[in-house]
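Asks: This is the structure I have questions about; it appears just below.
Readers should treat all values here as calculations from the given coordinates under stated rules, not as data from a laboratory. Nothing here was measured: the structure is a model prediction, and the numbers come from that model. Glycine also receives a Cβ, built like all others from the backbone with ideal geometry; neighbour counts cover every protein chain displayed.
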């Protein structure tokens, strides 16, 4: 045989092995290596929303005044913010120090945060624990996506990256149902966090064994964009803190009449927002000059990618209103023992309908394009939120469940097409970062949206309660009588006012869905990868 022919055959054989998959070339099944990763990603994503149905129980257990919404919202926002911040950074860190070390360290941080959540006995303690949890949980998502790139050939990566993103979405969609189920079965919300420990440890042990000889990447000579990471953290933290602070009432009035303490950040609201905006502006400058940028801004020059993520950001803000405020409304309408189960039933209608909508939306968009499906979803979601803004002061399960299902279908119809549009807008070399940014932009919308709407709601509540006289303990009045009188005032005046404010947030979410139509109009039928 001619030596050149033999050499070509060997080269072709090597190319075929590479095309099959690096993992297959090493004698291991990629699915066998990825399944434990996906399980951990789902568990971490569960904790994005698992707190929703049990939030009222947590507030009671930790003795938090329910009038201090702009403070206890950080039980939710703290996890969201930390989760969001780590996604752009940790994928690059895993390129430098290795996938195994980064993923297992992130898992350890997540489990430590889970244990701290279970042990928390004050509001600051659980917020701090949730932040630690979020850092670990968010860090695992980009590493999981990087592992996909290591184990699969280019032709199969897009679908696998979609599976990782779907696992992340599945987690936060099912989070409320999981939280309510565990709380009902155990009678204690702390078990929700304790159960993360055996699941995480078992999956981690499997990973250690299966990844021992896996052909994973990492340990490259690359620069970690620490200035970009620092500016991103300062920017998002400043905006989240500043936007979450509601207007302070007059001494003795508004929420103060219900015993709410002054917000220590009230005097710094505007400076925090300014710091956040300036930091994000500097981030743009730094990222344009960085050799290995944390966020490659060039990808946003693709119109389809920018339009998809603009829509993604706004729909994230809207859907978080339902996830957080439906349980809070439920807590005002039913007795304490039933709050988590009723919240789970209502959010279950929303979440399951959202899953159905996502499946349908993805299929229909493949055939008819992104624009029509996305616009239909936004209009349906807006109609659902608008109906929610008309809920009464009593529990009407049939109407509320139906309205939430309609809203969920609308949101679901939007999620799949805009995610596909964003990924298809990217070059093949940018698939990993494009998939990660789809998650990041939705999380940013969820984080900043719930912060801003909570502050707006607190300000509205303070306005509504401006003329409410402070409930003070009278001389000779027992503590029990004083608390009973305070509760009577709350039932007669504060609770109806709070319900009105929550309904207003649903109306605001409807307007956000309508606003999302503007970027959605720029979604084209085909993306870069479909045109190539």
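Asks: Ranked by Cβ crowding within 10 angstrom, fewest neighbours first, how are 83, 370 ordered? Don't skip to the answer; put the middle values down first.
Replies: Values: 83 32, 370 29.
Ordered by Cβ neighbours within 10 Å, fewest first: 370, 83.
Asks: Let me make sure I get this right: for segment 285-443, a, b and c are the square roots of the gyration tensor eigenvalues over alpha carbons, sorted descending. Under 1.5 in a/c it's rounded, otherwise prolate if a/b > b/c, else oblate. Which is it?
Replies: Prolate.
Asks: With a 10 Å Cβ neighbour count serving as the proxy for reagent exposure, in which order, fewest first, do 386, 172 appear?
Replies: Values: 386 18, 172 26.
So the residues, fewest neighbours to most, are 386, 172.
Asks: Among 211, 74, which comes first, then next, by fewest other beta-carbon atoms within 10 Å?
Replies: Details: 211 19, 74 23.
By the 10 Å Cβ count, ascending: 211, 74.
Asks: If you find the alpha carbon centre of segment 111-139 and of segment 366-433, how far apart are they in angstrom?
Replies: 30
Asks: Kindly identify segment 28-213 as rounded, prolate or oblate by the Cα gyration tensor criterion: order the square roots of the eigenvalues as a ≥ b ≥ c, call it rounded if a/c is under 1.5, otherwise compare a/b with b/c, prolate if a/b is larger, else oblate. Kindly include the intermediate steps, with their values, before the conclusion.
Replies: On the way: a/c = 2.12, a/b = 1.96, b/c = 1.08.
Here segment 28-213 falls in the prolate category.
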